[in-house]
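The next block holds one structure in the form of structure tokens; read it before the comments.
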Amino acid sequence: MRQDTLSDALSAIRNAEHVGKQSCVVPASALVKNVLSLMQKKGYIGEYEFVDDGKSGFFRVTLTGKINDCCVIKPRFSVRTNEYAKWEKRFLPSDGFGYLVLSTSKGIVDNEEAKRERVGGVLVGYVY
């Protein structure tokens, strides 16, 4: 039984990337869909499609080979607008490399967009 579908999805993507697969299957949820669309917008994954299997469904994700690491952040820390540098230093390998994924009042956004819009939120994960 899955407890955290986002964690399962990012683990499946990371494992498939390390093995060198061209695509992978991840469990579906609204949060996973929003994170996948953010990753696609930033160029880390290719196309993804929802496949209805009569249960909760799943996403078939096309991989591009650009992900070094992606993971969820547990516990989900709250972030203020002036604390982004601290969290980038903690979870990203270098300045300007990779993105933090945040859940804000504006939806699921990356750290650059959250800084631009001056909103705080909750850390969900990272990708680089």
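The values are calculated or read from the model by the stated rules, or taken from the named source; none is laboratory data. The shown structure was predicted, so the numbers you read here are calculated from the model rather than taken from an experiment. Here the Cβ is made from the backbone with ideal geometry for all residues, glycine too, and neighbour counts use every protein chain on show.
Under the condition of being of a type in the set (Gly, Ala, Ser) and at pLDDT below 95, the residues counted in segment 86-104 number 2. For segment 12-33, the set of residues classified as outside any loop (DSSP other than H, G, I, E, B) and either of a type in the set (Lys, Arg) or free of Cβ contacts under 8 Å to residues at least 12 places away in the same chain (or both) consists of Arg14, Asn15, His18, Val19, Ala30, Lys33, listed by residue number.
Restricting the search to segment 22-47, which residues are over 19 Å from Tyr128 (Cβ atoms) and either in contact with a Cys (Cβ under 6 Å, 6 or more places away or on another chain) or not β-branched (Val, Ile, Thr) (or both)? Gln22, Ser23, Pro27, Ala28, Ser29, Ala30, Leu31, Lys33, Glu47, listed by residue number.
Every condition in (1) closer than 21 Å to Leu100 by Cβ; (2) surrounded by 11 or more Cβ atoms within 10 Å (Cβ to Cβ); (3) of a type outside the set (A, V, I, L, M) holds for Gly43 except the one numbered (2).
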